[in-house]
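These notes concern the structure reproduced below.
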Amino acid sequence: MDKCEVSLLKKKNKILLTVFTIIIFINILLLNSNIWIYNNFGNVKFQEILFTLLSPTSGTDTSVIFSYIIRVIVVSFVLSILFIFCVLYLRRKCSSKAFKYLKCTGSLLIVITLILSLLYTNNRYEVVAYFNYQSQKTTIYNKKKKVHKKKNTEYIGDSTIIYQNPEDVKISGDNTNNLIYIYLESFENTFLDTENGGIKNVNCLPELTELAKQNTNFSNTDQLGGALPFTGTTWTIASMTSQFTGLPLKVEVANDMDQQNRFMPGAKTIGDILNENGYIQELMIGSQKEFAGTDKLFLQHGFDKICDINSLKQEYSFKSDELNQWGLDDYKLFELAKNEITQLAQTGKFNFTMATIDCHMPKGFLCKYCPNTYENRYENIYACQSKLINSFIDWCKSQSWYENTTIVLVGDHPTMAQQYVNDVPSDYQRTTYNCFINSKVTTDQIKNRQFTHMDMYPTTLAAMGFNIEGNKLALGTNLFSELPTIIEKYGQDYINEEVQKSSEYLDKNIYQFN
């Protein structure tokens, strides 16, 4: 073999080794990524991962980013290099024939494992299904002819309508209530005891259990329960969006925020409706308002002010034990919320919306008031939250504006802190907590309901005393009415598939993409 042939062989071997190294790295990276995502976020879907990657990163807990870099990327890189060193070592020690056999066998195994990893990743996150749905069109947003009301008969709505454009709905109300709306981070009914609808032997949420029983709790069972997890509603900003607009959040919105700084500009939201009715509206969060476009969602849809960790730091001084990786501990946030609501109440009708953070994945945040009653760290945080929220409600009851104020408590999504829900039976339906306090309307149809966070939109307005002609807004149905929700009418599987498909109507009129 001449020098030229030797040179070509060496070059070929280097190329093969480089390709081999890349394949090994991708293989290990996929495996580590799957493990890391499951441990930190639980059973998320591809659209949620994609939205997180596309969204503005301002306000993100950097410990999560560093965790992925160190535990996934760095570890995968190191393992890949070690694997290659092993290959080079075997090449020196083994005979040419033996090494050739090992190389062929090893290459085959690596290709097979890569294919299996890709298949597993696709099956777990439904990647192909996501792109498949994107290529299909849905007709659920097509406008239907309005059903004519019979004279002298109250019109409760048309159950065959799936999407109802809020712009076409007459919304009225005299002497409507103020609103306090609280998004409870990762609050699900799983952590109740079995007697009340959870899976635990001991109830770590006794105060919130009593609040739900004494007021209105819409449930998917004959015990305490709540909203079913649904596409485009199962992470914080998605949950906020679905409750605020009656629509699931689509990945394309994240991409649009970076390009145009607009968050569903064509949607008519709770904030827009209350703004039209003269309400002063404020959002208070302990994290940064820019995270995932939170500021755009609320400020572009009727809100007058957002108090976040940065603006609060300018007004107040905080001790180190009052802060966590995401921002401000909830006990301090509720303390400051009392000041904000007191000022708001002096301006006239108000909507004060806030979001808690202490139960955030991956471990939640223990504050100085958290008990040490339970072996499960998360249950201690839940127990602390239960007392904290109940104490806040007690304070509200002592205020002059309480009788004219509707308070809504809603879990934003089931927890992603997977280590705390590994004991949940596979046949148990995990749902989020809800409680309507001081609702101006009542209903006996609160048990064994099938509903999603999108139904909170018209239900909240109805609880405040607004009359919604037809009892439907966007994809949401007023749960206080006799009308079935869209998943009660058509089934969750059908609606879940349809909302994942593309819609020219939404793209043009709601998202207003270029």
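Could the peptides 375-381, 434-440, 244-250 be put in order, highest first, of the mean number of other beta-carbon atoms found within 10 Å of their residues? Let's see the in-between values first.
Working: 375-381: 17.9, 434-440: 22.7, 244-250: 26.1.
The densest-packed peptide leads the list: 244-250, 434-440, 375-381.
In plain terms, the C-alpha convex hull of the stretch 459-504 casts an average shadow of 3.9 nm² when viewed from every direction.
On the principal axes of its alpha carbon atoms, the stretch 177-510 extends 52, 47, 40 Å, with the longest extent given first. Dividing the Cα radius of gyration of the stretch 3-134 by its Kirkwood radius returns 1.09 for Rg/Rh.
Each Cα pair under 8 Å and six or more residues apart adds its sequence gap; the mean of these over the residue count of the chain is a relative contact order of 26 percent. Between the Cα long axis of helix 75-93 and the first principal axis of the chain there is an angle of about 10°, rounded to the nearest 10.
Beyond a 18 Å Cα-Cα separation, which of these cross-linked pairs lie in this structure: Lys305/Lys508; Lys137/Lys508; Lys397/Lys447; Lys45/Lys501?
Working: Lys305/Lys508 28 Å; Lys137/Lys508 14 Å; Lys397/Lys447 27 Å; Lys45/Lys501 15 Å.
Beyond 18 Å: Lys305/Lys508; Lys397/Lys447.
Compared with the alpha-carbon gap, the fully stretched path from Ser67 to Ser320 is longer by 88.8 nm at 0.36 nm per residue. Candidates Asn177, Ser159, Met240 compared by Cα position along the dipole of the stretch 150-268: farthest toward the positive end lies Ser159, with charges placed on Cβ. Look at the dipole of the chain built from charges on Cβ: of Val202, Ser67, Asn122, the Cα furthest out on the positive end belongs to Asn122.
What's the magnitude of the charge dipole for the chain around its Cα centre, counting Lys and Arg as +1 and Asp and Glu as -1 at the beta-carbon? Answer in Debye, nearest 20.
Working: 49 positive and 52 negative charges, 529 e Å.
Around 2540 debye, computed over the chain.
Read the figures in this text as sums done on the coordinates, not as results from a lab. All figures in this text were calculated on a predicted structure; none of them were measured in a lab. In this analysis, Cβ positions are derived from the backbone assuming ideal geometry, glycine residues included, and neighbour counts consider all displayed protein chains.
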